[in-house]
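Here's the structure we're looking at; comments come further down.
The values are calculated or read from the model by the stated rules, or taken from the named source; none is laboratory data. None of these values were measured; they are calculated from a predicted model. Positions of Cβ are generated from backbone atoms using ideal geometry, with glycine treated the same way; all protein chains shown enter the neighbour counts. These accessible areas exclude ligands, DNA and RNA; they are computed on the full protein's heavy atoms, side chains included. Shrake-Rupley method; radii C 1.70, N 1.55, O 1.52, S 1.80 Å.
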Number of protein chains: 2
Amino acid sequence: MPRAYDQLEARFKKASVLGDALSVLHWDMATMMPDGGAEARAEQVALLKTLAHQAVTGDDMADLLAAAETEVTGDWERANLREMRRDWVHAAAVPAGLVDAMAKAESACEMVWRQARPNADFAAVLPSLREILSLTIQAGQAKAEALGVGIYDALLDQYEPDGRSADIDAVFADLEGFLPDFIAQALDVQAARPPARLPAGPFPIERQKELGQRVMATLGFDFHCGRQDVSAHPFCGGYPEDVRITTRYNVDDFASALMGVIHETGHALYDFGLPGGRWRTQPVGRARGMQMHESQSLLMEMQACRSPGFLRYAAPLMQEAFDGDGPDWGTDNLYRLSTQVKRGFIRVDADECTYPAHVIIRYGLEKSLIEGRMDLADLPEAWNDGYRRLLGITPPDDRVGCLQDIHWYGGSWGYFPTYTLGAMTAAQLFGAAKAADPDIEPGIARGDFAPLLAWLRANVHGKASSLSTREILIAATGKPLDSAVFKAHLQRRYLD
Amino acid sequence: MPRAYDQLEARFKKASVLGDALSVLHWDMATMMPDGGAEARAEQVALLKTLAHQAVTGDDMADLLAAAETEVTGDWERANLREMRRDWVHAAAVPAGLVDAMAKAESACEMVWRQARPNADFAAVLPSLREILSLTIQAGQAKAEALGVGIYDALLDQYEPDGRSADIDAVFADLEGFLPDFIAQALDVQAARPPARLPAGPFPIERQKELGQRVMATLGFDFHCGRQDVSAHPFCGGYPEDVRITTRYNVDDFASALMGVIHETGHALYDFGLPGGRWRTQPVGRARGMQMHESQSLLMEMQACRSPGFLRYAAPLMQEAFDGDGPDWGTDNLYRLSTQVKRGFIRVDADECTYPAHVIIRYGLEKSLIEGRMDLADLPEAWNDGYRRLLGITPPDDRVGCLQDIHWYGGSWGYFPTYTLGAMTAAQLFGAAKAADPDIEPGIARGDFAPLLAWLRANVHGKASSLSTREILIAATGKPLDSAVFKAHLQRRYLD
């Protein structure tokens, strides 16, 4: 008779293999699939999701999980069992009828939102969004009870396991106090410098692609186990043996695609570095959560590759790629270009100084809505209040206000804070890495990312989900998330 | 309580949706997947195949199928139940252990074959091939018993439902009597004409691709529901809403890729034309079998598009694509190029006159091997005897002899005859189509395939598997497969 634990491993492996197949189907949908295939693909995805869900929610799961507690040996088996239980709680807490209702409401709301956004018509999507919020609260309450945490934390736990809003409140409050003055100072410093100038295009997509893939290889992307394609919304998908990143090109601005490629490569390197073998298909072998995943993309994009050292290395590559010549292609201008600060309405266009403000606004709003302290009808005004308070600007309409992000309209509540937690984690990890290995920074400046990657593999990637985010951070940097590190990074880069 | 029949429809729908997902995974494997992803993909494919198999082989299937017999109403439900039973017999007749052993033996033998073929070393692969043959015979016997037919017919039935070797014996015997003299005459006629000249290349792949997609659109390929990519071995995959064909380009010969594109487009048009709605995911809604599928590709490639009419229409497109000029680009030379006859060793390079000889040789050999009338060790000699007898040539080694095709080494026994049955069916259907609608032939000559496609939709595609191959042929052409039609086509094209 196999151990209860071994039976669980077999079930989670099945769910993992189905998840891998799903990630290929998702990638194909975003990059290759002709429009006509959408409905058939939705059926395939729904069926595979149902089968993966069934694999880890049998009636005997509670008994197996309980029996396995006395069987596990070693840290990784123990951690795996903990993560199995988390998966099961999330999967089993919500009744099938509610899962189905949410999936339908999300598709419906997303459709309405796609019309409402260009029309800046929040009222049009409000009824659908109310439905989403109501179902999300129901699901959140069920998960909160099963996890023994508050409702917002139960939703957050889906994206950032063990993430707690009490911790986020503390670091975000600190940032909220810091940002308005800091941004004003950074803009003053910037105004006193020569303006950043975008080199004149156009930048042919084929050239952009070659440059991007050259930089990907430099960072450590393994094309034997991955590929890069085009999609409307860049993402990183797949699994460690077959990681797929996507890019959106703009012929007038090579820098946006290049930085996007670097960002997604950061995600990809995390996936490449996850443990293989037995843990590859187990919950403990997965990436830790969205905070840590975003930290890996932002460590590459914001910390390593917007540095003067990397830009000194990369400037000749850019010049070569686009036959660039003259002062616009000098390292100084390219650095100013990579570190421009600008108060804007749109989160996805924001620089690293103003980005946290966008996230803090959303975090406060979604928490109030989920906890019933605010009515959805008041969202547009509260949104604009937040922009006035933190960024000193007022969105002219809801298109560039509360209608801009798909998250809430697609049912993703509790996701937003992981962006800024990731940015802070990136700063803290990068600082610790440079302190641990003095060759990391010179390596980056000569296009040798091996020292950095070795440190990340040992301290982050290879740990997978065997530890919590907090434990990984403490082991790697000596302390839990500390907003002082992120603030110091911003001050050094933008005020010195 | 739903009807037993309705329960069956739900199960077969599940298997169909899994099959659709599998076809995307297969396409990706052949066109996009980086090498490193092979092992993970094999796991996904194995799991989805197992789940699809389980969906239609439950313990209660025999009872449900029996109960459904009294419930079905209308021709399509009745036909669907018949095809469900066929699926179930094939899936359930073979014990799981044997299925597994075959899958393993096939992978293993294919690996050995990949080495043995370039080395012309049949002895190296013989033990693995013995294992394959032995397992195939076991499976064939189990299926033969369940279907109440002979062992070869049981294997054939997997590819050509209701196909019977007695019928094939008759038409192949007729062709075998006809071919040697006919080929000799065709070569004489050809020798008396100006030689076909391949226009001078190189032919840039991008141009070949544009020309191919232009011709695909002309034939009726719907890019809203399909796409075209590159793979080492061209194929047509996907499903009616998302049909995917692939091409292999040769920069020195544009004609091979172009004719390949037309061939796969013929397959694709069949898939596009299958019924939608309720029958889309049911056995009755599938393409009829490999004979009919091959007839659709060969009808386009051999019948419609190697005709002088089509080449008159297409010659200017080819000239435009490759800046072609001069007599090599004239319709006469292009027609001679498209209808060259040559005795050769390699089936996949063969013209339509010699192709049947390659198939007849393989058919006779695989039947003897399956029925135990020949030992595998004697295969190379028997193979070469066949080539001497039917084509008057002797393969210099087994690389261009009995090692050339993957079929047997990969476990596909009973497949070969469908190629030539398809070619004969194509001639018969095309003749009937032209007779039924006098605008079909002039349409092709002006690049208007709508009349031909309309006839095929009504008489072949839309019938799906509601009738047998024989019934479809009789309804469409007034008679069962008649080798005289194919012979007349060859005589008209190559001797007149």
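Return the total of residues in the stretch B:258-314 being part of a helix (DSSP H, G or I), under 30 Å from B:Asn333 (Cβ atoms) and among the polar types (S, T, N, Q). Steps first, answer last, please.
Of the residues in the stretch B:258-314, the ones part of a helix (DSSP H, G or I) are B:258-272, B:277-281, B:283-285, B:290-304, B:308-314.
So of that shortlist, the ones also under 30 Å from B:Asn333 (Cβ atoms) come out as B:258-269, B:294-304, B:308-314.
From what is left, the residues that are among the polar types (S, T, N, Q) are B:265, B:295-297, B:303.
Qualifying residue count for the region: 5.
Restricting attention to the stretch B:197-218, which residues are buried (at least 17 other Cβ atoms within 10 Å of the Cβ) and not in a helix (DSSP H, G or I)?
Matches in the stretch B:197-218: B:Pro199, B:Phe203.
Any idea which residue in the stretch B:50-60 is farthest from the other protein chains (Cβ to nearest Cβ), counting only those that are buried (at least 16 other Cβ atoms within 10 Å of the Cβ) and within 19 Å of A:Leu25 (Cα to Cα)?
Ranking the qualifying residues of the stretch B:50-60, first place goes to B:Ala52.
Does at least one position in the stretch A:61-71 carry a residue that is surrounded by 19 or more Cβ atoms within 10 Å (Cβ to Cβ) and either at the interface with chain B (Cβ under 10 Å from one of its Cβ atoms) or in contact with a Ser or Thr (Cβ under 8 Å, 6 or more places away or on another chain) (or both)?
Looking for residues that are surrounded by 19 or more Cβ atoms within 10 Å (Cβ to Cβ) and either at the interface with chain B (Cβ under 10 Å from one of its Cβ atoms) or in contact with a Ser or Thr (Cβ under 8 Å, 6 or more places away or on another chain) (or both), one finds none in the stretch A:61-71, hence no.
Could you please find all residues in the stretch B:119-133 being under 25 Å from the mean Cα position of the chain (by Cα) and either in the same structural domain as B:Leu98 (by TED's automatic domain parsing) or over 19 Å from B:Glu381 (Cβ atoms) (or both)? Before you say what the answer is, go through the steps one by one.
Quick first cut of the stretch B:119-133, residues under 25 Å from the mean Cα position of the chain (by Cα) only: B:129, B:132-133.
B:Ile132 - this is the single residue of the stretch B:119-133 that is under 25 Å from the mean Cα position of the chain (by Cα) and either in the same structural domain as B:Leu98 (by TED's automatic domain parsing) or over 19 Å from B:Glu381 (Cβ atoms) (or both).
Looking only at helices (runs of 4 or more DSSP H) that lie completely in the stretch A:423-496, which have at least 1 residues being under 30 Å from A:Arg86 (Cβ atoms) and among the small types (Gly, Ala, Ser)? Can you show your working first?
On the way: elements: A:440-445, A:450-459, A:469-477, A:483-495.
Here the list reads A:450-459, A:469-477, A:483-495.
How many residues are assigned to a helix (DSSP H, G or I) and open to solvent by 30 Å² or more (accessible area, probe 1.4 Å) if we restrict to the stretch A:219-240? Break it down into steps so the answer makes sense when it comes.
Filtering the stretch A:219-240 for residues assigned to a helix (DSSP H, G or I) gives A:219, A:223-225.
Pick out the ones that are also open to solvent by 30 Å² or more (accessible area, probe 1.4 Å) and you get A:223-224.
Residues flagged as assigned to a helix (DSSP H, G or I) and open to solvent by 30 Å² or more (accessible area, probe 1.4 Å) within the stretch A:219-240 amount to 2.
Which residues, counting only those in the stretch B:241-256, are farther than 22 Å from B:Met318 by Cβ and open to solvent by 10 Å² or more (accessible area, probe 1.4 Å)?
Let us first name the residues in the stretch B:241-256 that are farther than 22 Å from B:Met318 by Cβ, namely B:241-244.
Within the stretch B:241-256, just B:Glu241 meets the criteria.
Within the stretch B:25-49, track down each residue that is at the interface with chain A (Cβ under 9 Å from one of its Cβ atoms), among the small types (Gly, Ala, Ser) and closer than 15 Å to A:Leu22 by Cα.
If the condition is that a residue be at the interface with chain A (Cβ under 9 Å from one of its Cβ atoms), among the small types (Gly, Ala, Ser) and closer than 15 Å to A:Leu22 by Cα, then B:Gly37, B:Ala40, B:Ala46 are the ones that fit.
Quick check on my filter: what residues within the stretch A:121-142 are over 13 Å from A:Glu106 (Cα atoms) and open to solvent by less than 20 Å² (accessible area, probe 1.4 Å)?
A:Phe122, A:Ala139, A:Gly140
So, restricting to helices (runs of 4 or more DSSP H) that lie completely within the stretch A:1-83, which ones have at least 2 residues that are among the charged types (D, E, K, R)? Can you show your working first?
Numbers: elements: A:4-31, A:38-55, A:61-68.
It comes to A:4-31, A:38-55.
Would a scan of the stretch A:327-338 turn up a residue that is under 30 Å from A:Tyr415 (Cβ atoms) and either buried (at least 17 other Cβ atoms within 10 Å of the Cβ) or outside the structural domain of A:Val251 (by TED's automatic domain parsing) (or both)?
Of the stretch A:327-338, the ones under 30 Å from A:Tyr415 (Cβ atoms) are A:337-338.
From what is left, the residues that are either buried (at least 17 other Cβ atoms within 10 Å of the Cβ) or outside the structural domain of A:Val251 (by TED's automatic domain parsing) (or both) are A:337-338.
Scanning the stretch A:327-338, I find at least one residue that is under 30 Å from A:Tyr415 (Cβ atoms) and either buried (at least 17 other Cβ atoms within 10 Å of the Cβ) or outside the structural domain of A:Val251 (by TED's automatic domain parsing) (or both), so the answer is yes.
Every residue, every condition in (1) outside the structural domain of A:Asp496 (by TED's automatic domain parsing); (2) open to solvent by less than 30 Å² (accessible area, probe 1.4 Å); (3) out of contact with any Lys or Arg (no Cβ under 8 Å at 6 or more places or on another chain), yes or no:
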site	(1), (2), (3)
A:Ala79	yes, yes, yes
A:Asp87	yes, no, yes
A:Glu106	yes, no, yes
A:Met111	yes, no, yes
A:Ala144	yes, yes, yes
A:Ala170	no, no, yes
A:Ala173	no, no, yes
A:Asp181	no, no, yes
A:Val189	no, no, yes
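Could you list, in sequence order, all residues of the stretch B:428-450 that are of a type in the set (Lys, Arg) and either closer than 13 Å to B:Ala476 by Cβ or crowded, with 17+ Cβ neighbours inside 10 Å (or both)? Steps first, answer last, please.
Start the filter on the stretch B:428-450 by keeping residues that are of a type in the set (Lys, Arg), which leaves B:434, B:446.
Listed by number, the list holds a single entry, B:Lys434.
A:Asp6: within 14 Å of chain B (Cβ to nearest Cβ) and not hydrophobic (A, V, I, L, M, F, W, C), yes or no? It would help to see each step written out before you state the result.
Details: within 14 Å of chain B (Cβ to nearest Cβ): no; not hydrophobic (A, V, I, L, M, F, W, C): yes.
The answer is no for A:Asp6.
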